[in-house]
Amino acid sequence: MDHAPADQEHIANATLGQGAGYGVVLGLGGAFAIGMIATTFILKRYNRELQTSEMFNTAGRTVKSGLVAAAVVSSWTWAATLLQSTGVCYRYGVSGPFWYASGATVQIILFATLAIELKRRAPNAHTYLEVIKARYGTVAHLVFMVFGVITNILVSLMLIVGGSATLNALTGMHTIAAIYLLPLGVIAYTMVGGLKATILTDWAHTFILLLIIIIFALTAYASHDLLGSPSAVYDLLVEAATRHPVDGNKEGSYLTMQSREGAIFFVINIVGNFGTVFLDNGYYNKAIAASPVHALPGYIIGGICWFAIPWLTATTMGLAGLALENNPRFPTYPDRMLDSDVSAGLVLPYAAVALLGKGGAMATLLIVFMAVTSAFSSQLIAVSTICTYDLYRAYFKPEASGKRLIYMSHCVVVGYGLFISTFSVGLWYAGISMGYLYVMMGVIISSAVLPATLALLWSGQNKWAAAGAPVLGLATSLTAWLVTSKKQCGELTVQCTGSNIPMLAGNVAALLSPVVFIAILTAIFGVDKYDWKSMLEIRRGDDHDLAQEAGVDLEDVNGGHEETQAEFEAEQSKLLKAGKISRWTTVILALAFLVLWPMPMYGSGYIFSKPFFTGWVTIGIIWIFGSFIGVGLFPVWESRATLTRTCKYIWKDLTGKSHIKTIHAQEAAVAGTPGDQTPPEKAGLKEEVRSS
């Protein structure tokens with residue numbers, strides 16, 4: 001039974017062969033795996049980083065803002081970011097990329113406040129679910145664990161389903177082979193390097209991804225023989241609107257922000273993405289990994305830099321697809337793309353082939369591979385930390401050693417990768433596409449967003465509201481979704497349940513209904529008076545067995561000595577200040593992206609003039625260069641001292657000028673051996689620190 005859309009044979013025959021697909025997946029995937037394994041060895045040998053359970057799952061809690069921003073951008077750049085945003089542009093015109101980008105940027109920016117509160121309230125946490133358990137107990141913990149794992153599963157399925165569909169379309173590589181082979185290299189380097197390897201790979205992937213997006217944009221708007229300027233693209237978009245005007249757009253134009261269906265997608269996008277950020281443990285992992293002073297700038301820089309990726313990618317490739325679809329170079333010419341192909345995310349590869357031929361196909365293959373693998377590595381770590389700390393250590397072996405915790409993390413990484421691949425095969429046979437999963441996510445998970453947020457921001461939410469609101473909200477959202485589908489279409493099919501109106505009803509009900517349920521359950525069971533103390537009692541993993549096995553003292557590796565009470569209080573003061581700054585900053589930025597920028601253009605129904613469209617594109621290109629500086633070059637500059645020192649050590653070691661043990665001994669002699677005194681325990685902190 002052939003499940004590939006009919007039009008895929010055009011692109012497969014016209015561009016890359018199966019060898020290219022297997023070469024990228026196995027060759028490039030293997031190269032990244034070997035590179036990250038080598039990096040982990042270098043960090044261990046020259047930076048004294050021992051792979052303990054804490055280092056594996058938290059990256060030592062010392063990551064700087066540039067790498068945090070790159071990791072956030074990479075984790076949020078799914079296959080859907082590139083493929084779905086381009087499809088939305090193909091459907092609705094210039095409004096689509098903006099609705100997609102702004103509707104998914106505000107969550108990252110707003111999450112900065114939650115990241116600060118997590119580090120302040122629970123400095124030793126490994127997952128946000130540990131915070132739920134510490135505050136509300138077992139029932140709420142199990143409820144949120146289900147929602148958290150479902151979030152990770154849905155995101156992982158989107159990554160693999162979307163990535164494998166694109167591989168099949170570009171190379172003819174069998175979809176099932178792509179589904180099972182895509183995660184292989186990711187599993188290998190994640191197992192060896194943990195969260196630190198994931199973050200470093202995120203930076204490398206983001207660097208390459210941004211370069212390719214810049215190439216696409218400059219080709220379409222500056223050098224292409226058929227396009228080559230915003231003016232030429234503008235004229236072709238006007239022609240496209242005369243051939244097939246957009247239903248619901250002002251005058252059927254592709255050049256207006258006033259799009260009825262685009263606005264509906266905007267709401268669905270906002271609601272669904274709150275769930276996939278605020279309930280995805282991967283984003284809490286990044287917050288936990290960040291050094292306290294770097295968490296806020298990391299998330300703000302990451303959110304602002306990420307905006308340009310879907311906005312410019314879709315504004316370039318989605319509009320190029322519309323402009324070139326009436327040209328023999330377009331793979332489906334003389335027909336328009338099938339709606340199923342658009343939903344499967346094939347506008348980007350088709351447009352790339354029309355724009356750059358085989359070079360475009362290979363570039364698309366690379367960026368989709370980068371997006372899928374880097375985001376999937378984040379999902380692997382997210383699920384492994386949940387299963388290790390929230391399931392295994394919480395309920396089966398509370399006194400588990402560091403060695404045992406790492407073993408469990410490794411098992412989960414492998415098992416989860418196999419599970420997702422097998423599940424993806426089932427979805428492929430059922431005909432469920434990436435686009436369907438994307439808009440369905442909010443219906444399933446968003447009812448837990450508000451209760452999870454209030455767990456860190458409001459002391460008054462009681463355990464019944466925390467545990468009950470997500471479940472009641474899910475029941476409400478499923479009812480709204482399916483009843484609306486039945487009423488609109490008369491039957492429940494994949495096509496009907498995946499359409500805009502039913503998804504809008506389900507998504508909005510999921511996000512907003514917990515407001516009512518929390519109010520009712522608070523009225524019934526009373527306002528809680530939580531003192532925030534139990535979150536401070538979350539403990540780190542005991543890694544002394546791993547240190548003893550390696551013949552080192554934990555005080556001498558992974559960032560040095562145990563934190564003193566004075567240092568902890570200073571850290572809390574910085575986080576309290578950062579929390580106040582983040583609230584104002586994130587609210588202002590969110591209003592700018594959601595209201596101040598788009599709504600005047602939507603309300604006025606303005607149709608872009610040629611000069612305005614030229615300016616619109618120019619801003620996007622400038623922004624993507626800013627993103628390249630922010631998450632491509634800035635992390636290197638920020639870590640220049642460490643990079644220089646490590647390169648010096650490697651050179652001395654390779655040339656025999658000095659053995660690495662001699663270098664470390666000399667450093668210890670100069671700096672003084674850490675750990676001479678046992679610092680006071682955090683249990684004796686002042687009451688004002690606990691209650692602030």
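Things worth noting here:
- Accessible-area order (highest first, 1.4 angstrom probe) of the listed residues Leu454, Leu118: Leu454, Leu118
- Estimated at the nearest 10 Å², the accessible area of Asp335 is 100 Å² with a 1.4 Å probe.
- Label point distance in nm, Thr618-Trp651, each placed 7 Å from Cα along Cα→Cβ: 4.4
- For q = 0.09, 0.18, 0.21 Å⁻¹, Debye-computed log10 I/I(0) when each Cα of segment 367-516 counts as one equal scatterer: -0.42, -1.18, -1.20
- Checking (i) 220; (ii) 154; (iii) 305 against the coordinates, the calculated volume of the Cα convex hull per residue in Å³ falls under label (ii).
- For the chain, Cys with no neighbouring Cys Cβ under 4.7 Å: Cys89, Cys305, Cys387, Cys411, Cys647
- Taking all protein chains together, Phe396, Phe41, Phe274, Phe593 sort by accessible area into Phe396, Phe41, Phe274, Phe593, largest first [probe 1.4 Å].
- Positive-end residue of Ala323, Leu338, Leu296, charge dipole of segment 252-348 with Cβ unit charges: Leu296
- Listed residue pairs exceeding 30 Å between alpha carbons, taken from Lys403/Lys648; Lys250/Lys580; Lys133/Lys286: Lys403/Lys648; Lys250/Lys580
- Theoretical ellipticity at 222 nm over the chain - DSSP helices of four or more residues, -39500 (n - 2.57) apiece, nearest 500: -24000 deg cm²/dmol
- Theoretical FRET efficiency, 1/(1+(r/R0)^6), r = Cβ-Cβ of Leu594 and Thr644, R0 41 Å, to 0.05: 0.45
- Accessible-area composition of the chain, carbon plus sulfur, in percent [1.4 Å probe]: 66
- Backbone N atoms of segment 368-408 closer than 18 Å to the 7 Å Cα→Cβ label point of Leu28 belong to residues 368-378.
- Rg/Rh ratio calculated on Cα atoms of segment 329-372 (Kirkwood radius): 0.99
- Around the Cα centre of segment 170-326, unit charges on the Cβ atoms of Lys, Arg, Asp and Glu (plus for the first two, minus for the last two) sum to a dipole of about 480 debye.
- Under-5 Å amide H pairs with Thr256, H placed in peptide plane, nonlocal only: Val94, Ser95, Phe608
- Largest first, the residues Val131, Val494 sort by 1.4 Å accessible area into Val494, Val131.
- Of Val94, Thr453, Gly526, farthest towards positive along the dipole that unit charges on Lys, Arg, Asp, Glu beta carbons give the chain: Gly526
- Ligands, DNA and RNA excluded, the heavy atoms of Arg45 present near 80 Å² of accessible surface to a 1.4 Å solvent probe.
- Here the dipole of the chain is about 680 debye; that uses its Cα centre as origin and unit charges on the Cβ of Lys and Arg (positive) and Asp and Glu (negative).
- Contact order for segment 329-449, expressed relative to its length and based on alpha carbon pairs under 8 Å spaced 6+ residues apart, stands at 26 percent.
- For segment 80-89, Karplus couplings with θ = phi - 60° (6.51, -1.76, 1.60), whole Hz, Gly/Pro x: 5, 4, 8, 7, 5, 5, 5, x, 5, 5
- Dipole of the chain [Lys/Arg +1, Asp/Glu -1 at C-beta], most positive-end residue of Phe369, Val143, Thr586: Thr586
- Distances between placed amide hydrogens fall under 5 Å for Val63 paired with Ala290, Ser291, all partners being 5 or more residues away or on another chain.
- Coupling constants for segment 225-239 follow from the phi torsions by the Karplus curve (6.51 cos²θ - 1.76 cosθ + 1.60, θ = phi - 60°), and in residue order they are 6, 8, 9, x, 6, x, 4, 5, 5, 4, 4, 5, 5, 4, 5 Hz; glycine and proline get x.
- Mean sequence separation of contacting Cα pairs (under 8 Å, at least six apart), scaled by the length of segment 410-550, corresponds to a relative contact order of 30 percent.
- Average Cα contact separation per residue, the chain, under 8 Å, 6 or more apart, as relative contact order %: 27
- Fully extending the segment from Asn47 to Asp225 would add 59.0 nm, taking 0.36 nm per residue of separation and subtracting the current Cα-Cα distance.
- Each eigenvalue of the Cα gyration tensor of segment 47-157, multiplied by 5 and square-rooted, gives one semi-axis; in descending order these are 31, 20, 14 Å.
- The charge dipole of segment 33-139, taken about the Cα centre with unit charges on the Cβ atoms of Lys, Arg (+1) and Asp, Glu (-1), comes to about 260 debye, rounded to the nearest 20.
- Accessible area per residue for segment 167-215, computed on protein heavy atoms with a 1.4 Å probe, is 24 Å².
- Debye equation applied to the C-alpha atoms of segment 85-144, log10 I(q)/I(0) at 0.19, 0.28 Å⁻¹: -0.73, -1.06
- Of the whole protein surface, Phe634 contributes about 70 Å² of accessible area at a 1.4 Å probe radius.
The values are calculated or read from the model by the stated rules, or taken from the named source; none is laboratory data. Just so it is clear, the structure is predicted and the values come from calculations on it, not from any experiment. Glycine also receives a Cβ, built like all others from the backbone with ideal geometry; neighbour counts cover every protein chain displayed. Heavy atoms of the whole protein, side chains included, go into the accessibility calculation; ligands, DNA and RNA do not. Shrake-Rupley method; radii C 1.70, N 1.55, O 1.52, S 1.80 Å.
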